[in-house]
Amino acid sequence: MKLDAKIPEGPLAEKWDNHRFNLKLVNPANKKKFKIIVVGTGLAGASAAATLAELGYHVDNFCIQDSPRRAHSIAAQGGINAAKNYANDGDSVWRLFYDTVKGGDFRAREANVYRLAQLSCDIIDHCVAQGIPFARDYGGFLDNRSFGGAQVSRTFYAKGQTGQQLLLGAYSSLMRQVSTGMVKLFPRREMMDLVMVDGKARGIVVRNLITGETETYDAHAVVIATGGYGNVFNLSTNAMASNVTAAFRAYKKGAFFANPCFTQIHPTCIPVHGTFQSKLTLMSESLRNDGRVWVPKKPGDKRRPMDIPESEQDYYLENKYPSFGNLVPRDVASRNAKEQCDLGKGVGETGLAVYLDFADAIKRDGEDVIAGKYGNLFEMYEKITGENPYKTPMMIYPAVHYTMGGLWVDYNLMSTIPGLFVLGEANFSDHGANRLGASALMQGLADGYFVIPYTIGGYLAETTFSEVQASNSPEFKKCVDDIQNKIEKLLSIKGEKTVAEFHRELGLILWEHCGMSRNEEGLLKARTMIQKLRSEFWENVNVPGIGMDLNQSLENAGRVADFLEFGELMINDALARKESCGCHFNTAFQTDENEARRDDDNYCHVAAWEYTGDEQSPNFHKESLSFENVELSQRSYK
């Protein structure tokens, strides 16, 4: 199968406008004849469901949480990018486009990224109209701050709660449509499978997490907006319920999975403090505006930070990257933190941390100003660590945070399965091999508010549909039977190890061999280890309880079972990409200065994987990337 990205013809700046005009339309009366399923209520899912309902479509909206407001988008802290140039510092749509392509190490489509930059300004206007309380300056104008990978201030923010405020805006729009009856909301449902009829996505099967019942829902199109798969590593900054299941089940039905080894390691997270820790906590990248990253110059120096004179402090990012300093992209900052710790300069009890110090900023601006910018983040840090960051430097270390890989989609955000659209972090489309900070919220809202309302209409307008009812369709019945068989199998094993033990082992394998750095020997070893662990899981896992009830052990077992398969796909993808780019740092391919060395002649493409069967090697497909508007070059932030 040849991948067709359906990128419109014409100049880059005109592609999206021309494409919108050329898409077929569904007239208002006919919109009422269509039903669309949206899975997920984060920024991408909630904005899509609300907007589609506003247009007149009937929408069924599903979420795994007890309320749409608990979607993981709520955890985003630092801000959302937009090329408004309010700071008058040289920003533009083109500069945001270029920074995003370069930040992704030239492994994303030009057309998709330019559209994202174009729509960024509309997002801010829309959210201000909703009443989102963005920070404002003394004169009352919207304020901006800087994020990694940019030399301009383009990040709009609401203190350290930007994701929460944006989600509340989308939630308000969603609940308005719920009140009108255009959206039916189904909380505490987990998508278990995608149902296809006549080769098209026509519905889903979900498990009611309260009763344990299996439920079926049909529609004319399905939208997946279920976020990323960072929890495959066990420890990540993701919410505990975040998983790969919806996307992975779609992959098993024929949706190609793109670049699964592209996982972002965020440089500013609270370090691991125990073997049985359940998750990690993000400290916003915005802190690097005022915080300075350093380690002791002398390896093994265990003095308290206030006892180490500045002459013996190594501000390694400022020294190595003078142009960007502490605001280098996340993959660069993370690798450098690991490098310092590997040299024995790490701090804290484990030696796996570096300092983020606000002493200079507090001395310059005063504690009140710093508290006004980051107060909630400082409070969070103190509650978790018992240390006051106003008085002593924060200790931070990289952790899994975001996934650039996801289901492959074309320019219309449709997967390789007709009628299956994928939005936000669940798709691969905009960030290449490394996402710049404050761009995730931008993509989620662009996809939901401004892209899918046009492109899904184009699909519905030109597609002929057969009559499908979930209650009597053989395709739905087969999916339900398969799901019930898997549930019964999990419950019947009665082994000796918990689901959490298997998840922890998988996470350690991936972190060690497919984390901040990789090499072929380690990846091959990891693949064998995952295969053995997966076999052991199906022979020795213990899942207590019953299926027809609230059973969180069973929920987690299904998710970890998918992670155990998906982890091997990540390894295969990393092995197939014999270069370094962005987050994918293969130690065999690096420059003399230990930076990622790409191979544009052989790997300037999207890797897309096709499921061929259980325990079978997936088929590899590639979408070649062409750069007509930016010049391929070695990334430099010096």
Checklist outcome for this item: Scalar couplings 3J(HN,Hα) for segment 432-442 by Karplus 6.51 cos²θ - 1.76 cosθ + 1.60 (θ = phi - 60°), nearest whole Hz, x for Gly and Pro, are x, 9, 6, 8, 6, x, 6, 9, 5, 5, 4
Checklist outcome for this item: Karplus-derived 3J(HN,Hα) from phi for segment 610-621 (6.51 cos²θ - 1.76 cosθ + 1.60, θ = phi - 60°), whole Hz, x at Gly and Pro, runs 10, 5, 10, x, 4, 6, 10, 6, x, 7, 9, 10
Checklist outcome for this item: Classified through the alpha carbon gyration tensor (a ≥ b ≥ c as square roots of its eigenvalues; rounded if a/c is under 1.5, else prolate when a/b is larger than b/c, else oblate), segment 269-398 comes out rounded
Checklist entry - If you roll a 1.4 Å probe over the heavy atoms of the protein chains, what accessible area per residue do you get for segment 523-638, in Å²? => result 46 Å²
Next on the checklist: Rounded to the nearest percent, how much of the accessible area of segment 269-398 (1.4 Å probe, protein heavy atoms only) is carbon and sulfur?
Outcome noted: 51 percent
Checklist outcome for this item: Once S633, S284 are ranked on solvent-accessible area with the largest value leading and a 1.4 Å probe, the list reads S633, S284
Checklist outcome for this item: When the charge dipole of the chain is computed with +1 on Lys and Arg Cβ and -1 on Asp and Glu Cβ about the Cα centre, the Cα farthest towards its positive end, among G507, V543, F134, belongs to F134
Checklist outcome for this item: Helix 93-103: inclination vs the chain longest Cα principal axis, degrees, rounded to 10, gives 80 degrees
Item to check | segment 597-630-segment 207-226 distance, computed between alpha-carbon centres (Å) | outcome: 31 Å
Item to check | Cleavage-rule hits, chymotrypsin sites (Phe, Trp or Tyr not before Pro), segment 258-299, DSSP coil, Cβ neighbours within 10 Å at most 15 | outcome: F276
Item to check | Protection proxy ranking of 605-615, 442-452, 329-339 - average other beta-carbon atoms within 10 Å, highest first | outcome: 442-452, 329-339, 605-615
Item to check | Whichever aspartates and glutamates have a C-alpha closer than 20 Å to that of K298, once near sequence neighbours (fewer than 8 apart) are set aside | outcome: D307, E310, E312, D314, E318, E339, D342, E349, D357
Checklist entry - Which pairs break 23 Å Cα to Cα here: K6/K622; K253/K477; K33/K252? => result K33/K252
Checklist entry - How many percent of the accessible area of segment 539-638 is carbon or sulfur, using a 1.4 Å probe? => result 40 percent
Item to check | Length-normalised contact order for segment 269-398 - Cα pairs under 8 Å, 6+ apart - percent | outcome: 31 percent
Item to check | Ordering of 187-194, 594-601 by burial proxy (mean other Cβ atoms within 10 Å per residue, highest first) | outcome: 187-194, 594-601
Checklist entry - Pairs K525/K578; K2/K638; K363/K383; K302/K525: which exceed 28 Å Cα-Cα? => result K2/K638; K302/K525
Checklist entry - Counting Lys and Arg as +1 and Asp and Glu as -1, each charge on the Cβ, what is the dipole of the chain about the Cα centre in debye, to the nearest 20? => result 760 debye
Item to check | Of F378, N289, Y316, farthest towards positive along the dipole that unit charges on Lys, Arg, Asp, Glu beta carbons give segment 269-398 | outcome: Y316
Checklist entry - Distances over 41 Å make up what percent of all Cα-Cα pairs in the chain? => result 22 percent
Checklist entry - In deg cm²/dmol, rounded to 500, what helix-only [θ] at 222 nm does the chain give when every DSSP H run of at least 4 residues adds -39500 (n - 2.57) and the total is split over its residues? => result -11500 deg cm²/dmol
Checklist entry - Put S67, S492 in order of accessible area, largest first, 1.4 Å probe: what do you get? => result S492, S67
Checklist entry - Under unit Cβ charges (Lys, Arg +1; Asp, Glu -1), what dipole magnitude, rounded to 20 debye, does segment 476-597 have relative to its Cα centre? => result 300 debye
Item to check | For segment 127-153 versus segment 261-321, the gap between their alpha-carbon centres in whole angstrom | outcome: 26 Å
Checklist entry - If you average the sequence gap of Cα pairs under 8 Å that are 6 or more apart and divide by the length of the chain, what percent do you get for the contact order? => result 20 percent
Item to check | the chain: angle of helix 110-130 to the longest principal axis, Cα-based, in degrees nearest 10 | outcome: 90 degrees
Next on the checklist: Taking just the alpha carbons, could you work out the radius of gyration and Dmax for segment 131-200, both in angstroms?
Outcome noted: 19.0, 59
Item to check | 20 °C / 1.002 mPa s Stokes-Einstein diffusion coefficient of segment 476-597, Kirkwood radius on C-alpha pairs, µm²/s | outcome: 134 µm²/s
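The values are calculated or read from the model by the stated rules, or taken from the named source; none is laboratory data. Fair warning: this is a prediction, and the values are worked out from it, not measured in the lab. Neighbour counts are summed over all protein chains in view; Cβ atoms, including those assigned to glycine, are modelled from backbone coordinates with ideal geometry. Only protein heavy atoms, including side chains, enter the accessible area calculation; ligands, DNA and RNA are left aside. Shrake-Rupley method; radii C 1.70, N 1.55, O 1.52, S 1.80 Å.
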